[in-house]
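Colleague: First, the structure itself, so that you have it in front of you.
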Amino acid sequence: MEKWKKITSSHLFLPVFALALLLIFNAFATPGFFSIEVQNGQLFGRIIDILNRASILIVLSMGMTFVIATGGIDISQGSVIAISGAVCCYLIGGATDGTAQMPLFVACLAAVAVCAVCGVWNGFLVSKLKIQPMVATLILMTAGRGIAMLITEGQNITVYYKPFTYIGNSIPGSPLPTTIYIAAAVVLLVVLIQKKTSVGMFVQAVGINAEAARRTGLNVTAIIFIMYIFSGMCAGVAGLMESSMIAAADPNNAGLNMEMDAILSVALGGTLLTGGRFYIGGSIIGAITIQTLTTTLYALGVSSEQLPVYKAAVVILICLLQSEKFKKIIERKSLNQKKAVKQV
Amino acid sequence: MKNVKGLKDRLVASRYFSFGITAFLFIVLYVIGMMNYRGFLKPQVFCNLFIDNAALIIATVGITFVLLIGGIDISIGSVVALTCMTSAQLLANTNLGAGVVTVIVLAIGLLFGLVQGWLITEFDMQPFIVTLAGQFFARGLTAIISRETIDITDPTYTAVASARVYIMPKAFISVGVIIAIVTLVVATLVLKYTRFGRNIYALGGSESSAQLMGLPTKSTKIATYMVCGFCSALAGVVYSLIMLSGYPLHAVGMEMDAIASSVIGGTLMSGGVAFVPGTLLGVLIQGIIQTFITFEGTLSAWWTRIIIALLLCVFIVMQAIIVRNRHRITSSDK
């Protein structure tokens, strides 16, 4: 009993449980869900598909986790994704003969750099001007798609330069899609920083009580600033993957509502939206769970427009289970039951 | 000299400072418009600002209530879409009258607000997450009712939609505008003169203080979300009068426009401060920018978004400075 309680109270229990439930359901409902085929040295299958799509969300949620841990939120990520795609595609150019105006590496770097500037903007508003994070990032959310439109001059740029598509798909000869490597690299970087430095602890301190953190000598402004820049860069990398998947810049639809999914992943992973303790592993599993849910529902024939209903049900259920008050109500009920049993 | 500075500080810290700036900006923009384009001289252009934005005005009133208590509701746009779709579906496939259908959808809006408010207060869940789920839910439900456009052809409905109320010989407004203005006036009066309104301000100022004073914080909070749900549904009715159809992608992102309007009109996102007539100006300023861009013709539509964001930015930064100033003034008073 004690052991069971220890397991269920772990922050990873809920996301892992949800994911396991989904996978078990799929094992029965969708034939061939777990089968993986090898074609030309590449792996194909539903699982790979899920991981491929989830990679974007994982990268996004890494940035979001840190921002939320400082007690903030970044709702401009979706728009920044659009900006990133626009910058990269604009620099590479839409030459139909498949040549690039600029080396791929330079274009990608420029895109991420522009997104870092977006992060600087958000960080400046939040940490220097002390504007509420949601309002501060609302500005870029509103303007971002307009800026992306300005860059592409109001059109979708289709890129015919072949290597560009490798980012969102596979490099010939590699067994797994590139997105998975990128996500793994970002996660590795985050974990390394967290293990080897005390940045994670600083962030947590800021999220729990910024004033107290400041009085113990932490540079709160700088910490918050850096986290928004990191979030912007994550959105930039995610934008590269997203636009590479469709080999085009689509300012209107790229990354639409992605920030909501990222926030969901973080919440699902056990990190409270009020800041403080955060769980990198939880966010990753949260992201995979959301993508699995999406893919499962698609497989069941739910259309993309109807999908949100099910997502909403999942969100409410998870948040209810995390709510302290809900836990108390349940505990009281079970206590009453025990008392009743004793009285009998 | 010190006195002058004190006066200036006091002016900046005044509740109506943002409102004043917004009003000034609106008049300046309108005068610039009148000097550059002959069309701006027509009274109808002014009325069109209201006609085009009637739904947004109502939605902004709703979000202002929620922002006042320091909460947020991002389900507005989806509820508007759900309302349009439900109305269209009921009118097309049942023989209920337009009046009954309107009452039903308004009740749905109230119920939506009630559930959201209950979840937020009863389980201490975050307003952002709950209303995000609400947004997903309403949008998805709209698509489940129908993925295609359903046109509204009910004769009463179309008659109300095309009705023109002349306020001047050459200028008319729509029924939607009348509903919007009534909503605005009622909201202003409720906030100013009723117990419920004062409870909302108290709750927004400090929840724990309000609770210690013995105010019914829980029921006030739920009621506030119900007001917002009702306003969203009402905005949906007005929106459907303009669109005369239900479609799953109606009013995407309207909540963000409403929040922006409310903030530009002087609402503080941290709660406790708002002036409802100011939010009207927030909507009208967005409208006037759109009118400018339509009149100019060469500017592309995305400039609207960028300019609105810029305005939003200016106002938010200004608010940040006001709040800091007010803090300084109150502490120096001691």
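The values are calculated or read from the model by the stated rules, or taken from the named source; none is laboratory data. Because the structure is a prediction, the values reported are computed rather than measured. Methodologically, a virtual Cβ is constructed for each residue, glycine included, from the backbone with ideal geometry; neighbour enumeration extends over all protein chains shown. Heavy atoms of the whole protein, side chains included, go into the accessibility calculation; ligands, DNA and RNA do not. Shrake-Rupley method; radii C 1.70, N 1.55, O 1.52, S 1.80 Å.
Colleague: Given the conditions (1) open to solvent by less than 30 Å² (accessible area, probe 1.4 Å); (2) of a type outside the set (D, E, K, R); (3) assigned by TED's automatic domain parsing to the domain that holds A:Ala287, report the number of the one that A:Thr30 does not fulfil.
Modeller: (3)
Colleague: Looking at A:Ile147, A:Ile73, A:Ile81, can you tell me which residue is under 19 Å from A:Glu242 (Cβ atoms), within 12 Å of chain B (Cβ to nearest Cβ) and modelled with pLDDT of 90 or more?
Modeller: Values: A:Ile73 fails: under 19 Å from A:Glu242 (Cβ atoms); A:Ile81 fails: within 12 Å of chain B (Cβ to nearest Cβ).
So the residue among A:Ile147, A:Ile73, A:Ile81 that is under 19 Å from A:Glu242 (Cβ atoms), within 12 Å of chain B (Cβ to nearest Cβ) and modelled with pLDDT of 90 or more is A:Ile147.
Colleague: Further question: Sort through B:Val105, B:Val80, B:Val101 and tell me the only one that's buried (at least 16 other Cβ atoms within 10 Å of the Cβ), over 21 Å from B:Gln135 (Cα atoms) and of a type in the set (A, V, I, L, M, F, W, C).
Modeller: Details: B:Val105 fails: over 21 Å from B:Gln135 (Cα atoms); B:Val80 fails: over 21 Å from B:Gln135 (Cα atoms).
Exactly one residue qualifies, and that residue is B:Val101.
Colleague: Given the criterion of a type in the set (D, E, K, R) and in a helix (DSSP H, G or I), identify the matching residue among A:Asp74, A:Asp49. Talk me through it step by step, then tell me what you get.
Modeller: Values: A:Asp74 fails: in a helix (DSSP H, G or I).
Exactly one of A:Asp74, A:Asp49 is of a type in the set (D, E, K, R) and in a helix (DSSP H, G or I), namely A:Asp49.
Colleague: Pull up the range B:117-141, narrow it to residues that are more than 10 Å from every other protein chain (Cβ to nearest Cβ) and either closer than 13 Å to B:Ser232 by Cβ or among the small types (Gly, Ala, Ser) (or both), then point me to the one that is surrounded by the most Cβ atoms within 10 Å (Cβ to Cβ).
Modeller: Ranking the qualifying residues of the range B:117-141, first place goes to B:Thr131.
Colleague: Give the residues of the range A:25-53 that are farther than 20 Å from A:Ile246 by Cα and of a type in the set (Asp, Glu), sorted by residue number.
Modeller: Residue satisfying the conditions is A:Glu37 alone.
Colleague: Could you tell me how many of the residues in the range A:303-344 are touching a Phe, Trp or Tyr at 6+ places or on another chain (Cβ under 8 Å), β-branched (Val, Ile, Thr) and at pLDDT below 85?
Modeller: Of the residues in the range A:303-344, 1 are touching a Phe, Trp or Tyr at 6+ places or on another chain (Cβ under 8 Å), β-branched (Val, Ile, Thr) and at pLDDT below 85.
Colleague: Looking at A:Ile223, A:Ile246, A:Ile171, A:Ile180, which is the one that is under 23 Å from the mean Cα position of the chain (by Cα) and open to solvent by 40 Å² or more (accessible area, probe 1.4 Å)?
Modeller: Details: A:Ile223 fails: open to solvent by 40 Å² or more (accessible area, probe 1.4 Å); A:Ile171 fails: under 23 Å from the mean Cα position of the chain (by Cα); A:Ile180 fails: open to solvent by 40 Å² or more (accessible area, probe 1.4 Å).
Of A:Ile223, A:Ile246, A:Ile171, A:Ile180, the one residue that is under 23 Å from the mean Cα position of the chain (by Cα) and open to solvent by 40 Å² or more (accessible area, probe 1.4 Å) is A:Ile246.
Colleague: A further question on this structure: In the range B:23-69, how many are free of Cβ contacts under 8 Å to residues at least 24 places away in the same chain and part of a loop (DSSP other than H, G, I, E, B)?
Modeller: Residues in the range B:23-69 being free of Cβ contacts under 8 Å to residues at least 24 places away in the same chain and part of a loop (DSSP other than H, G, I, E, B): 0 in total.
Colleague: Please tell me if A:Val186 is open to solvent by less than 10 Å² (accessible area, probe 1.4 Å), assigned to a helix (DSSP H, G or I) and away from every other protein chain (no Cβ under 14 Å). Can you show your working first?
Modeller: Details: open to solvent by less than 10 Å² (accessible area, probe 1.4 Å): no; assigned to a helix (DSSP H, G or I): yes; away from every other protein chain (no Cβ under 14 Å): yes.
The answer is no for A:Val186.
Colleague: I've got another one for you. Those residues that are of a type in the set (Gly, Ala, Ser) and surrounded by fewer than 24 Cβ atoms within 10 Å (Cβ to Cβ), I need them from the range A:255-273; list them, please. Explain how you work it out, then say what you get.
Modeller: Step one: filter the range A:255-273 for residues of a type in the set (Gly, Ala, Ser), giving A:255, A:262, A:265, A:267, A:269-270.
Across the range A:255-273, the qualifying residue is only A:Gly270.
Colleague: Taking B:Gly246 as the residue in question, decide whether it is within 14 Å of another protein chain (Cβ to nearest Cβ), in contact with a strand residue (DSSP E or B) (Cβ under 7 Å, 6 or more places away or on another chain) and either surrounded by 17 or more Cβ atoms within 10 Å (Cβ to Cβ) or charged (D, E, K, R) (or both). Steps first, please.
Modeller: On the way: within 14 Å of another protein chain (Cβ to nearest Cβ): yes; in contact with a strand residue (DSSP E or B) (Cβ under 7 Å, 6 or more places away or on another chain): yes; either surrounded by 17 or more Cβ atoms within 10 Å (Cβ to Cβ) or charged (D, E, K, R) (or both): yes.
So B:Gly246 fits the description; yes.
Colleague: Ok, one more. Looking only at the range A:110-144, how many residues end up being over 19 Å from A:Thr221 (Cβ atoms), within 9 Å of chain B (Cβ to nearest Cβ) and of a type in the set (Gly, Ala, Ser)?
Modeller: Residues that pass the stated criteria total 2.
Colleague: Then there's this: Here are the criteria: (1) within 14 Å of chain B (Cβ to nearest Cβ); (2) in a helix (DSSP H, G or I). Tell me which single one A:Leu91 does not satisfy.
Modeller: Against the list (1) within 14 Å of chain B (Cβ to nearest Cβ); (2) in a helix (DSSP H, G or I), A:Leu91 comes up short only on (1).
Colleague: Yes or no: B:Ile173 within 30 Å of A:Phe326 (Cβ to Cβ), away from chain A (no Cβ under 14 Å), touching a residue at least 40 places away in the same chain (Cβ under 8 Å) and of a type in the set (A, V, I, L, M, F, W, C)? If you could, list the steps in order and put the result at the bottom.
Modeller: Working: within 30 Å of A:Phe326 (Cβ to Cβ): no; away from chain A (no Cβ under 14 Å): yes; touching a residue at least 40 places away in the same chain (Cβ under 8 Å): yes; of a type in the set (A, V, I, L, M, F, W, C): yes.
Judged against the criteria, B:Ile173 is not a match.
Colleague: All but one of (1) part of a helix (DSSP H, G or I); (2) more than 18 Å from A:Leu22 (Cβ to Cβ) hold for A:Ser303; which doesn't?
Modeller: (1)
Colleague: Then there is this: With the structure loaded, tell me whether B:Gln286 is open to solvent by 40 Å² or more (accessible area, probe 1.4 Å), in a helix (DSSP H, G or I) and at pLDDT 80 or above or whether it fails that test. Even if it seems obvious, please write down each step before you answer.
Modeller: Numbers: open to solvent by 40 Å² or more (accessible area, probe 1.4 Å): no; in a helix (DSSP H, G or I): yes; at pLDDT 80 or above: yes.
Judged against the criteria, B:Gln286 is not a match.
Colleague: Please enumerate the residues belonging to the range B:160-200 that are closer than 24 Å to B:Met226 by Cβ, open to solvent by less than 80 Å² (accessible area, probe 1.4 Å) and not hydrophobic (A, V, I, L, M, F, W, C).
Modeller: Within the range B:160-200, B:Gly176, B:Thr183, B:Thr188, B:Thr194, B:Gly197, B:Asn199 meet the criteria.
Colleague: Taking A:Ser304 as meeting all but one of (1) among the hydroxyl-bearing types (Ser, Thr, Tyr); (2) within 13 Å of chain B (Cβ to nearest Cβ); (3) under 21 Å from B:Val130 (Cβ atoms), write down the number of the exception.
Modeller: (3)
Colleague: Looking at (1) without any contact (Cβ under 8 Å) to a residue 40 or more places away in the chain; (2) more than 7 Å from chain A (Cβ to nearest Cβ); (3) among the aliphatic types (A, V, I, L, M), which is the one condition that is false for B:Ile144?
Modeller: The failed condition is (2).
Colleague: If you check A:Lys342, A:Lys311, A:Lys333, which single one turns out to be part of a helix (DSSP H, G or I), charged (D, E, K, R), under 21 Å from the mean Cα position of the chain (by Cα) and farther than 16 Å from A:Ser55 by Cα?
Modeller: Details: A:Lys342 fails: under 21 Å from the mean Cα position of the chain (by Cα); A:Lys333 fails: under 21 Å from the mean Cα position of the chain (by Cα).
Sole residue among the options that is part of a helix (DSSP H, G or I), charged (D, E, K, R), under 21 Å from the mean Cα position of the chain (by Cα) and farther than 16 Å from A:Ser55 by Cα: A:Lys311.
Colleague: With respect to A:Ile318, determine if the residue is within 14 Å of chain B (Cβ to nearest Cβ) and hydrophobic (A, V, I, L, M, F, W, C). So that I can check it myself, show each step before the final result.
Modeller: On the way: within 14 Å of chain B (Cβ to nearest Cβ): yes; hydrophobic (A, V, I, L, M, F, W, C): yes.
In short, yes.
Colleague: Name every residue in the range A:274-290 that is touching a Leu at 6+ places or on another chain (Cβ under 9 Å) and open to solvent by 30 Å² or more (accessible area, probe 1.4 Å), in order of residue number.
Modeller: Of the range A:274-290, the ones touching a Leu at 6+ places or on another chain (Cβ under 9 Å) are A:278-279, A:281-283, A:285-290.
Correct list: A:Tyr279, A:Gly281, A:Ile285, A:Ile288.
Colleague: Something else about it: Got a number for residues in the range A:121-164 being crowded, with 18+ Cβ neighbours inside 10 Å and not in a loop (DSSP other than H, G, I, E, B)?
Modeller: 27
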